[in-house]
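For reference, the structure is listed below as structure tokens.
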Amino acid sequence: NVPEAVTLLFEAARGSMIYSMYYLPLAALATEEGFRVLEAGVRHRCKQLGLGKNKSSKPHAFPDKPYLDLVKALHKAGKIPKNDLDVWKSMIFLRNNSSHHTGATIRARHEAMAQLAYIVELLNRLFK
């Protein structure tokens, strides 16, 4: 059960993908947003499980540790299987790359749709 806050964030990615039929650069925006939604999902899942907090963190605060550390914590807690760990690490790389790019990105619609579908699959498995 993916939290509503994460599914609402995903709506921006989904909407961008839909409107990429009229304006192709939105397909790239959709996948970039999807990578950020994955990070939000990781932070929400860690919060649910009480992982990744500093001792000084407020009780209802989201984990403030680096994304990679949170993915490793979820793996250690058994929420990310070993065979998915490299995929999650690549998603971190893609999120960083897309958030800090230096030029325009054009992505084929079919590639963007496949990436978004896989992001949905990862999120659903994370919240299983």
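Looking only at residues of region 6-24 that are assigned to a helix (DSSP H, G or I), out of contact with any helix residue (DSSP H, G or I) (no Cβ under 7 Å at 6 or more places or on another chain) and without any contact (Cβ under 8 Å) to a residue 40 or more places away in the chain, we find that the one that is least open to solvent (accessible area, probe 1.4 Å) is Gly15.
What residue, among those in region 47-71 that are out of contact with any helix residue (DSSP H, G or I) (no Cβ under 7 Å at 6 or more places or on another chain) and within 19 Å of Lys128 (Cβ to Cβ), is most open to solvent (accessible area, probe 1.4 Å)?
Looking at the filtered set, the residue picked out is Gln48.
For Leu24, the stated conditions do not hold, so it cannot be described as of a type in the set (A, V, I, L, M, F, W, C) and closer than 19 Å to Leu123 by Cα. Going by the structure shown, is Ala27 over 13 Å from the mean Cα position of the chain (by Cα), crowded, with 20+ Cβ neighbours inside 10 Å, modelled with pLDDT of 95 or more and not in a loop (DSSP other than H, G, I, E, B)? Answer is yes for this residue.
Taken over region 51-105, the criterion of being touching a residue at least 24 places away in the same chain (Cβ under 8 Å), among the small types (Gly, Ala, Ser) and within 28 Å of Leu24 (Cβ to Cβ) is satisfied by Ser98, Ser99, Ala104. For region 79-87, the criterion of a residue being touching an Asp or Glu at 6+ places or on another chain (Cβ under 9 Å) and surrounded by 18 or more Cβ atoms within 10 Å (Cβ to Cβ) is satisfied by no position.
Among the residues of region 32-46, is there at least one that is more than 16 Å from the chain's Cα centre (by Cα) and open to solvent by 50 Å² or more (accessible area, probe 1.4 Å)? No; the residues of region 32-46 include none that is more than 16 Å from the chain's Cα centre (by Cα) and open to solvent by 50 Å² or more (accessible area, probe 1.4 Å).
Yes/no per residue for (1) modelled with pLDDT of 95 or more; (2) under 15 Å from the mean Cα position of the chain (by Cα):
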residue	(1), (2)
Val71	yes, yes
Ala77	yes, no
Leu85	yes, yes
Gly103	no, no
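Of all the criteria given as (1) over 14 Å from Arg43 (Cα atoms); (2) exposed (fewer than 13 other Cβ atoms within 10 Å of the Cβ); (3) of a type outside the set (A, V, I, L, M, F, W, C), the one not satisfied by Arg107 is (2).
The values are calculated or read from the model by the stated rules, or taken from the named source; none is laboratory data. These figures come from a predicted structure and were not determined experimentally. Methodologically, a virtual Cβ is constructed for each residue, glycine included, from the backbone with ideal geometry; neighbour enumeration extends over all protein chains shown. Protein only, heavy atoms only, side chains kept; ligands, DNA and RNA dropped before computing areas. Shrake-Rupley method; radii C 1.70, N 1.55, O 1.52, S 1.80 Å.
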